[in-house]
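Below is one structure, written out as structure tokens; comments come after it.
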Amino acid sequence: MSIAHHPGEELLLSYASGAANEAVALLVASHLALCRQCRLVVASSEAAGGSLLEDIPPVAMSAQAYQSVLSRLDEPAAAIVRSAHLDSSVPAPLRAYIGNDIDGIAWRPIVSGLAHYPLVTRDGVRARLIRAEPGAGVAPHTHRGEEWTLVLTGSFSDVTGRYGPGDVQTTTPDIEHQPTADPGPACINLAVTDAPLVFRGFLPKLVGKMFGF
Amino acid sequence: MTLPSVDRLNAAICAIAATRDRAAFQIVFDHFAPRVKSYLVRLGASAPLAEDLAQEALLTVWRKAALFDPARASASTWIFTIARNLRIDAIRRERRPDLDPNDPSLQPEAERDAGDSLDWGKAEDRLRTALAALPKEQAEIISLSFLAEKPHSAIAAELGLPLGTVKSRIRLAMARLRLALGDSP
Ligand SMILES: [Zn+2]
């Protein structure tokens with residue numbers, strides 16, 4: 001898999017710092033499972049976090065803090081689970097939400113050839129899976145906020161280019177696009193939007209409202 | 001009082017993993033608990049909550065010491081990620097989608113399976129130096145990213161800067177940090 005489109009470094013940094021909410025973090029972590037290059041960016045950001053922790057002026061713990069932790073060291077703790085290899089097209093961080101089998105998802109149809117499956121919404125930011133049959137796509141729209149789309153299977157294209165497995169498309173409010181699934185296997189992607197899309201035309205507007213796009 | 005060196009702290013966590021060494025645990029506790037508490041207070045936790053979570057973080061260090069790998073991250077970086085995740089879980093009450101760095105299904109394969117030669121412990125030393133040498137305006141944004149839980153748009157507003165400027169400073173800073181790691185972009 002060769003990944004051509006990566007999340008912006010500010011997104012990777014907000015994942016590393018913990019500022020990103022769950023919906024955004026799900027998209028970033030799923031990309032990381034597929035992309036060594038971005039894992040290194042996140043690891044360097046976390047090292048910056050470690051360095052800031054090292055340099056922070058300490059705040060004294062209470063007098064009995066150490067004793068209180070000592071008294072808990074022998075409490076039974078959950079066993080450490082190590083990940084086993086799993087042959088799945090679902091990136092590890094997404095498995096907590098949908099399991100291992102991408103074909104087992106209870107898709108909710110939107111229009112012909114297009115279905116979705118909501119995952120999580122935090123602070124008005126929604127993460128959902130979108131499944132588009134070849135040729136199907138989302139009607140022309142612009143955005144009030146940002147939209148990030150991670151391709152899991154298949155590929156899609158729009159005016160900005162072609163996106164395949166592992167790629168993350170980032171769109172900003174100034175872009176109007178009509179993403180359409182390419183010929184081949186169905187295009188399944190993880191889409192995160194921080195504001196409703198703005199559709200052109202009455203019918204897409206209505207459909208968009210009904211399905212919360 | 002001199003601070004324990006990075007190597008000493010790394011070795012202390014390895015000793016906890018190997019022999020459940022309580023003297024080593026006390027070194028780690030004394031050094032990190034007050035820093036974790038400070039980090040949590042900086043991010044808005046009340047003092048009693050920060051105290052509880054700092055204790056919890058150090059208890060996690062004791063329990064998960066076997067997962068610590070000094071070739072992957074220094075003690076402070078590893079403990080930073082523990083504190084960050086505890087905070088998301090306890091204060092924001094959100095799940096943290098996370099990666100197991102040893103997960104064999106990571107692609108391409110997990111770094112060391114691929115025969116990667118990067119010694120992360122050494123690389124972090126260089127990264128620290130690079131961080132200290134960042135131009136002030138870049139360092140400020142990196143530091144705010146970790147110590148003020150705000151989206152970059154809010155940081156931009158607070159500093160009276162266009163969002164584009166904040167993003168480009170982040171990119172410049174990250175490029176320098178990556179260079180320090182010796183990883184070509
Ligand atoms: Zn990437």
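The values are calculated or read from the model by the stated rules, or taken from the named source; none is laboratory data. Remember, it's a predicted structure, so these values are computed and weren't measured experimentally. Using ideal geometry, Cβ is built from the backbone for each residue, glycine included, and neighbour counts are taken over all protein chains shown.
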When the stretch B:81-93 is examined, which residues are found to be farther than 19 Å from residue B:145 by Cα and of a type in the set (D, E, K, R)?
B:93
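Just name the residue that is nearest to residue A:54 (Cα to Cα) out of those in the stretch B:63-76 that are within 9 Å of chain A (Cβ to nearest Cβ) and buried (at least 22 other Cβ atoms within 10 Å of the Cβ). Step through it out loud before you land on a result.
Within the stretch B:63-76, the subset within 9 Å of chain A (Cβ to nearest Cβ) is B:63-64, B:66-67, B:72-76.
When the remaining residues are screened for being buried (at least 22 other Cβ atoms within 10 Å of the Cβ), the result is B:73-76.
Values: B:73: 13, B:74: 11, B:75: 10, B:76: 6 Å.
Per the stated criteria, the residue is B:76.
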Kindly provide the set of residues from the stretch A:145-202 that are polar (S, T, N, Q), under 26 Å from residue B:97 (Cβ atoms) and outside any loop (DSSP other than H, G, I, E, B), ordered by number.
A:149, A:153, A:169, A:170, A:171, A:189, A:193
Identify all residues within the stretch A:103-123 that are surrounded by 10 or more Cβ atoms within 10 Å (Cβ to Cβ) and either part of a loop (DSSP other than H, G, I, E, B) or within 14 Å of chain B (Cβ to nearest Cβ) (or both); write none if there are none.
A:105, A:107, A:113, A:119, A:120, A:121, A:122, A:123
Among helices (runs of 4 or more DSSP H) lying entirely in the stretch B:1-89, which contain 3 or more residues that are among the acidic types (Asp, Glu)?
B:47-64
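Sort out which residues of the stretch A:137-151 are surrounded by 20 or more Cβ atoms within 10 Å (Cβ to Cβ) and of a type in the set (A, V, I, L, M), and write them in order of number.
Correct list: A:138, A:150, A:151.
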Restricting to the stretch B:77-108, give me the number of residues that are over 27 Å from residue B:143 (Cβ atoms) and either more than 7 Å from every other protein chain (Cβ to nearest Cβ) or in contact with a His (Cβ under 6 Å, 6 or more places away or on another chain) (or both).
2
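Looking only at the stretch A:80-91, decide whether some residue is modelled with pLDDT of 85 or more and under 22 Å from the mean Cα position of the chain (by Cα). Walk me through how you get there before you give the answer.
Here is the first cut: in the stretch A:80-91, the residues modelled with pLDDT of 85 or more are A:90-91.
Retained after the next criterion (residues that are under 22 Å from the mean Cα position of the chain (by Cα)): A:90-91.
Among the residues of the stretch A:80-91, at least one is modelled with pLDDT of 85 or more and under 22 Å from the mean Cα position of the chain (by Cα), which makes the answer yes.
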Go through the stretch A:14-42 residue by residue and tally those that are touching a Phe, Trp or Tyr at 6+ places or on another chain (Cβ under 9 Å) and more than 13 Å from the ligand (Cβ to nearest atom).
7
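Condition (residue is on the phi < 0 side of the Ramachandran plot, away from the ligand (no atom under 12 Å from the Cβ) and either outside the structural domain of residue A:87 (by TED's automatic domain parsing) or not in a helix (DSSP H, G or I) (or both)) applied to the stretch A:43-57: is it met by at least one residue? Spell out how you get there, then give the answer.
Here is the first cut: in the stretch A:43-57, the ones on the phi < 0 side of the Ramachandran plot are A:43-57.
Right, trim to away from the ligand (no atom under 12 Å from the Cβ) and you get A:43-57.
Cutting the leftovers down to either outside the structural domain of residue A:87 (by TED's automatic domain parsing) or not in a helix (DSSP H, G or I) (or both) gives us A:56-57.
Yes; the residues of the stretch A:43-57 include at least one that is on the phi < 0 side of the Ramachandran plot, away from the ligand (no atom under 12 Å from the Cβ) and either outside the structural domain of residue A:87 (by TED's automatic domain parsing) or not in a helix (DSSP H, G or I) (or both).
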Would you pick out the residues in the stretch A:58-67 that are surrounded by 15 or more Cβ atoms within 10 Å (Cβ to Cβ) and part of a helix (DSSP H, G or I)?
A:65, A:66
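Considering the stretch A:1-11 alone, what residues qualify as being outside any loop (DSSP other than H, G, I, E, B), within 13 Å of the ligand (Cβ to nearest atom) and within 8 Å of chain B (Cβ to nearest Cβ)?
Taking the stretch A:1-11 as the starting set, the residues that turn out to be outside any loop (DSSP other than H, G, I, E, B) are A:9-11.
Then drop every residue that is not within 13 Å of the ligand (Cβ to nearest atom), which leaves A:9, A:11.
Within the stretch A:1-11, just A:9 meets the criteria.
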Odd one out for residue A:90, checked against (1) among the aliphatic types (A, V, I, L, M); (2) in contact (Cβ under 8 Å) with a residue 24 or more places away in the chain; (3) assigned by TED's automatic domain parsing to the domain that holds residue A:148
(3)
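State all residues of the stretch A:23-42 that are at the interface with chain B (Cβ under 7 Å from one of its Cβ atoms), part of a helix (DSSP H, G or I) and in contact with a Leu (Cβ under 9 Å, 6 or more places away or on another chain); if no residue qualifies, say none. If you could, list the steps in order and put the result at the bottom.
Taking the stretch A:23-42 and keeping what is at the interface with chain B (Cβ under 7 Å from one of its Cβ atoms), we get A:25-26, A:29, A:32-34, A:36, A:40-41.
Filter again for part of a helix (DSSP H, G or I), leaving A:25-26, A:29, A:32, A:36, A:40-41.
Selection gives A:26, A:29, A:32, A:36, A:40, A:41.
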Output yes when any residue across the stretch A:167-175 is modelled with pLDDT of 90 or more, within 16 Å of the ligand (Cβ to nearest atom), over 16 Å from residue A:111 (Cα atoms) and surrounded by fewer than 20 Cβ atoms within 10 Å (Cβ to Cβ), and no when none is.
yes
